[in-house]
Amino acid sequence: MRIGLEISTLAQPYRSGIGRYAAGLTSGLRALASSEPLELRPYCHLKKLRDRRHATDVFESGFQLWRDPWLRPRRLDVMHATSWRLPAHGRMARVATIHDLYSFIGINFRDDSRAAQEQARYPHLLQHADAIICVSDNTRRDLLCHFDVDPQRVHVVPLGVDDCYAPVDAAQQTAIRDRLSAGRPYLLGVGLAAGLDVRRANKNLPRLLDAWSRCAMRRHYRLVVTGGVDRDEQCALEAHLRERRLDDSVVVAGFVEESDMPALYSAAAAVLLPSLYEGYGLPIVEAMACGAPVLTSRSGSCPETAAGHATLVDASSVDAIAQGLHTVLDTPASTRQAAMRHAHAQRWRGVAAKTLKVYRRAIATARARRR
């Protein structure tokens, strides 16, 4: 099978969740290619190219560059848009992945016009895709709620966890605590550092900080928040913490290299993702894979991703989050072990195998369409 992968997100300096999906799926497909006749061809949209070197660890041959509307892939069986860019031309089957529907939920956008621009992307994908992948049942329900799409075309393939996500040894945990929290135990909020920005409102950072301010545990623990932020966002968050007198108990770690994440998860007393909405919530299973107890919300796909192995809270309630911070620290060892087993079963090779099944269905659909 000749597979075209539109993975422009891999040419960015920092990988978003979608970029990590593209990298993980690619690694899973390459692993399967050792036992199946698969040929992978990567495509990068010229507009999105920042630094081609960021993709060399995924595709040794680099990208084939393209620009609308001139890409007409030849000799492909299927083209997969892992984000938004699905070519309208060519005789190959087409597959598109939908990660979330933030613009329809009414969150993470400065104004209605920007939300409308985002919403306008969906019809193109849905019109041209022979099969659609959603990363969770919740995202699939949202998609079918907002669009008149044949449910038979929409398949759920949850995200995976890289093999590197596993508990690290005590020395590595001590080193990361010393580096980030002056040796004190910490609770970890992944991807929350930009949470005061309306474009990251789903991360629910203001309520988490309100809950943290009410907890006496601040005397013994620190709250470490990670996530890529620009200088203005970091200054705004630090000013907010000073105003709330939280600057002595909250550490703004900013962007953390993925190679450091297993140690960061493993050393955490708990990992926090009290989101108002997530398309999937990858940090939930990554943290579980490293043995950390998890607090997340009852909103969006979070309960589905947690699969009964996390402390769930009402994300709209500061009181509920504050109570959950105490509860998650008492997570039994048996729950953590069950969560780890669940997460370790969610590897990218399995994601790739499920995705291949979708490719085969899409190819059959495309052939029937051309008759």
Exercise. Here are His220, His240: which of them is exposed (fewer than 15 other Cβ atoms within 10 Å of the Cβ) and either in contact (Cβ under 8 Å) with a residue 24 or more places away in the chain or aliphatic (A, V, I, L, M) (or both)?
Worked result: His220
Exercise. What's the number of the condition Tyr165 fails, among (1) in the same structural domain as Asp130 (by TED's automatic domain parsing); (2) of a type outside the set (Gly, Ala, Ser); (3) within 23 Å of Gln346 (Cβ to Cβ)?
Worked result: (1)
Exercise. For the range 134-152, what are the residues that are surrounded by fewer than 16 Cβ atoms within 10 Å (Cβ to Cβ) and within 22 Å of Ala22 (Cβ to Cβ)?
Worked result: Asp137
Problem set entry | Yes/no for Ser213 being at pLDDT 90 or above, crowded, with 21+ Cβ neighbours inside 10 Å and of a type in the set (Gly, Ala, Ser) | no
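Residue-wise test of (1) within 24 Å of Ile98 (Cβ to Cβ); (2) surrounded by fewer than 17 Cβ atoms within 10 Å (Cβ to Cβ); (3) among the small types (Gly, Ala, Ser); (4) touching a residue at least 24 places away in the same chain (Cβ under 8 Å).
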site: Thr305; (1), (2), (3), (4): yes, no, no, yes
site: His309; (1), (2), (3), (4): no, no, no, yes
site: Leu312; (1), (2), (3), (4): no, no, no, no
site: Ala339; (1), (2), (3), (4): no, no, yes, yes
site: Ala345; (1), (2), (3), (4): yes, yes, yes, no
site: Val351; (1), (2), (3), (4): yes, no, no, yes
site: Ala368; (1), (2), (3), (4): yes, yes, yes, no
Exercise. Of the residues Leu188, Leu205, Leu192, which single one is at pLDDT 95 or above and either assigned by TED's automatic domain parsing to the domain that holds Ala307 or under 18 Å from the mean Cα position of the chain (by Cα) (or both)?
Worked result: Leu188
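If I filter the range 1-51 down to residues being of a type in the set (D, E, K, R) and under 22 Å from the mean Cα position of the chain (by Cα), which single residue comes out as modelled with the highest pLDDT? Let's see the steps before the verdict.
Let us first name the residues in the range 1-51 that are of a type in the set (D, E, K, R), namely 2, 6, 15, 20, 30, 36, 39, 41, 47-48, 50-51.
Now narrow it down to the ones that are under 22 Å from the mean Cα position of the chain (by Cα): 6, 15, 20, 30, 48, 50-51.
Working: Glu6: 86, Arg15: 68, Arg20: 88, Arg30: 92, Lys48: 56, Arg50: 54, Asp51: 54.
Only one residue tops the list, namely Arg30.
In the list Val285, Val271, Val256, Val250, which residue meets the criterion of being β-branched (Val, Ile, Thr), in contact with a strand residue (DSSP E or B) (Cβ under 7 Å, 6 or more places away or on another chain) and closer than 25 Å to Thr97 by Cα?
Details: Val271 fails: closer than 25 Å to Thr97 by Cα; Val256 fails: closer than 25 Å to Thr97 by Cα; Val250 fails: closer than 25 Å to Thr97 by Cα.
Just a single option satisfies the conditions, and that option is Val285.
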Problem set entry | Single residue of Leu209, Leu192 found to be in contact (Cβ under 8 Å) with a residue 24 or more places away in the chain, assigned to a loop (DSSP other than H, G, I, E, B) and over 26 Å from Val351 (Cα atoms) | Leu192
Exercise. Inside the range 123-155, can you point out the residues that are touching a helix residue (DSSP H, G or I) at 6+ places or on another chain (Cβ under 9 Å), within 24 Å of Pro303 (Cβ to Cβ) and in a helix (DSSP H, G or I)?
Worked result: Asp137, Asn138, Arg140, Asp142, Leu143, Leu144, Cys145, His146, Pro151
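The values are calculated or read from the model by the stated rules, or taken from the named source; none is laboratory data. Treat the numbers as computed from the prediction; the structure is a model and nothing was measured. Note that we place each Cβ from the backbone using ideal geometry, even for glycine, and neighbour counts take in every protein chain shown.
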